[in-house]
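Taking it in order: structure first as structure tokens, then the write-up.
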Amino acid sequence: KLKLSARVQSIEGSKTARFIPLLEQMRQVGRSVISLAIGEPAADTPPAVIEATVKALQQQKTRYSEMAGLKELRAALATRFENCSPENIAIFNGSKQALYAAFQTLCNPGDEVIVPLPCWVSFPEQVRLAGGEPVFVPTVDHQLDMAAIRSAANEKTRAILINSPNNPTGAVYPRRDLEQIARLAEEKDLYIVADEAYSYFVYDNLSYDSVYDLDSIRDRLIVTRSFSKHYAMTGFRVGYTVAPKETAAAMVRLHSHLTGNVCTFAQYGALAALDMDEKLLARGRMDLQRKRDLAYDQVRELFPCIRPQGAFYLFPDISGHLEKDEHSGDFAARILERAGVAVVPGEDFGLDGHVRICFAAPEEQLTEAFKRIREVL
Ligand code: PLP
């Protein structure tokens with residue numbers, strides 16, 4: 001039998017997909033299953049995006065394009081960030097690949113990256129694939145524990161990862177905390193990797209502070225953002241980074257051997273998304289805020305839960321429903337088998353005793369899912 005590399009043997013596939021085979025099986029035998037597991041908006045991709053993509057196809061925009069991404073797209077994105085030029089932007093196959101490129105670009109073997117917990121499933125594996133070591137620091141009530149982060153920083157630390165709005169908790173970090181992270185990064189000569197895939201989804205008129213707003217640290221900052229969630233374009237696979245020019249160029253060098261350009265006609269779709277009416281987009285956000293309220297009211301009748309201020313996830317504490325030696329994965333399996341509702345176990349995000357529930361589903365599905373969970377409990 002051929003041996004695979006230690007590298008691929010050391011990583012696990014994305015855990016958020018672990019219940020999909022069971023879910024499919026249940027559907028095949030005619031069970032009704034509601035999936036609140038996958039992080040996708042239920043909204044359709046906007047017609048303007050579809051039209052621009054189809055038009056690009058019809059115009060034969062079907063060839064290789066620039067490795068860093070279409071110049072028009074990078075130029076349009078650059079206008080959205082202060083003191084930013086197209087050379088600071090690089091387009092990737094989703095922000096997932098942008099993050100992968102970021103860690104590959106920053107880490108030497110043994111370098112440490114501070115990752116607050118709970119965290120999105122891909123961060124630890126992406127850091128390890130880059131030869132780095134994730135150093136996990138728990139959060140307090142889903143907010144950054146500044147003292148713990150400071151004491152985790154040492155001479156091996158290369159970067160601090162910040163994900164706000166957060167997956168899986170929906171936490172949004174206040175500016176004063178970002179400022180403290182920035183000070184620490186300057187003091188210890190560290191990079192900040194800011195995953196802002198959910199930057200548009202902040203509720204209750206809360207102002208969203210991007211790490212990019214702290215201008216003094218832009219020379220040590222890699223921001224990643226995405227078209228996936230904001231414009232309901234998850235399958236287009238278009239995301240990007242905003243980074244210092246040399247860093248962006250290094251990430252593109254890597255990308256040039258990995259996939260080359262991002263799907264050319266998908267990038268034209270992304271360009272059209274940037275022209276969309278802000279009012280239309282704001283309506284989508286209000287819809288999600290309504291769903292957040294609906295889901296939060298229902299989840300709180302069942303479990304303790306911190307109210308999410310952003311993204312589209314609830315992360316309730318289900319530990320009161322675990323038997324001795326049980327983990328959140330057992331609870332998620334029970335809910336799937338008995339209630340026909342798929343959620344993601346908190347242990348997959350590095351915090352057991354919780355589950356992640358995506359509230360971007362249609363409202364009637366949310367209500368039905370909570371009704372079924374209530375019955376099973
Ligand atoms: N970052 C976070 C926190 C996410 O939840 C996701 C997707 O679920 C991504 C990044 C990657 O998204 P995409 O590659 O579609 O831009």
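The values are calculated or read from the model by the stated rules, or taken from the named source; none is laboratory data. Note that the coordinates shown come from a computational prediction; the quantities given were computed from them, not determined experimentally. Note that each Cβ is placed from the backbone with ideal geometry, even for glycine, and that neighbours are counted across all protein chains shown.
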Inset, instruction - State whether the residues of segment 95-103 include one that is more than 30 Å from Val355 (Cβ to Cβ) and touching a residue at least 60 places away in the same chain (Cβ under 8 Å). - result: yes
Legend entry - Test for Gln267: is it touching a Ser or Thr at 6+ places or on another chain (Cβ under 8 Å) and of a type in the set (S, T, N, Q): yes
Inset, instruction - Go over the candidates Leu178, Leu117, Leu144 one by one and state the one that is in the same structural domain as Tyr231 (by TED's automatic domain parsing), within 15 Å of the ligand (Cβ to nearest atom), among the aliphatic types (A, V, I, L, M) and within 24 Å of Phe312 (Cα to Cα). - result: Leu117
Inset, instruction - Give the residues of segment 1-41 that are in a loop (DSSP other than H, G, I, E, B), at pLDDT below 85 and hydrophobic (A, V, I, L, M, F, W, C), sorted by residue number. - result: Leu2, Phe19
Legend entry - Qualifying residues in segment 91-112 (those that are touching a helix residue (DSSP H, G or I) at 6+ places or on another chain (Cβ under 7 Å) and within 15 Å of the ligand (Cβ to nearest atom)) - the one farthest from Gly69 (Cα to Cα): Phe103
Legend entry - Residues of segment 221-242 that turn out to be of a type in the set (S, T, N, Q) and more than 8 Å from the ligand (Cβ to nearest atom), as a count: 1
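Here is a yes/no grid of residues against (1) at pLDDT below 95; (2) more than 16 Å from the chain's Cα centre (by Cα); (3) of a type outside the set (Gly, Ala, Ser):
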{"residue": "Ala68", "(1), (2), (3)": "no, yes, no"}
{"residue": "Asn83", "(1), (2), (3)": "no, yes, yes"}
{"residue": "Ile89", "(1), (2), (3)": "no, yes, yes"}
{"residue": "Gln104", "(1), (2), (3)": "no, yes, yes"}
{"residue": "Glu112", "(1), (2), (3)": "no, yes, yes"}
{"residue": "Trp120", "(1), (2), (3)": "no, no, yes"}
{"residue": "Ala147", "(1), (2), (3)": "no, yes, no"}
{"residue": "Ser151", "(1), (2), (3)": "no, yes, no"}
{"residue": "Ala171", "(1), (2), (3)": "no, no, no"}
Legend entry - Any chance Pro134 is away from the ligand (no atom under 14 Å from the Cβ), under 24 Å from Glu12 (Cα atoms) and surrounded by fewer than 18 Cβ atoms within 10 Å (Cβ to Cβ): no
Inset, instruction - Look through Ala68, Ala56 and report the one residue that is touching a residue at least 24 places away in the same chain (Cβ under 8 Å), over 20 Å from Met276 (Cβ atoms) and assigned by TED's automatic domain parsing to the domain that holds Ser122. - result: Ala68
Inset, instruction - Can you work out which of the residues in segment 213-241 that are in contact with a Phe, Trp or Tyr (Cβ under 6 Å, 6 or more places away or on another chain) and surrounded by fewer than 22 Cβ atoms within 10 Å (Cβ to Cβ) is modelled with the lowest pLDDT? - result: His230
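For (1) buried (at least 21 other Cβ atoms within 10 Å of the Cβ); (2) modelled with pLDDT of 95 or more, each residue gets a yes or a no:
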position: Ala243; (1), (2): yes, yes
position: Met251; (1), (2): yes, yes
position: Thr264; (1), (2): no, yes
position: Ala270; (1), (2): yes, yes
position: Gly284; (1), (2): no, no
position: Gln309; (1), (2): yes, yes
position: Phe312; (1), (2): yes, yes
Inset, instruction - Out of the residues in segment 71-90 that are buried (at least 22 other Cβ atoms within 10 Å of the Cβ) and more than 30 Å from Thr157 (Cβ to Cβ), state the one that is farthest from the ligand (Cβ to nearest atom). - result: Arg74
Legend entry - Among (1) assigned to a loop (DSSP other than H, G, I, E, B); (2) modelled with pLDDT of 95 or more - the single one Arg372 does not satisfy: (1)
Inset, instruction - From Asp209, Asp297, Asp293, grab the single residue that is in the same structural domain as Arg183 (by TED's automatic domain parsing), away from the ligand (no atom under 16 Å from the Cβ) and not aromatic (Phe, Trp, Tyr). - result: Asp209
Legend entry - Residue within segment 292-310 that is over 24 Å from Glu363 (Cα atoms), of a type outside the set (Phe, Trp, Tyr) and over 20 Å from the mean Cα position of the chain (by Cα) present: no
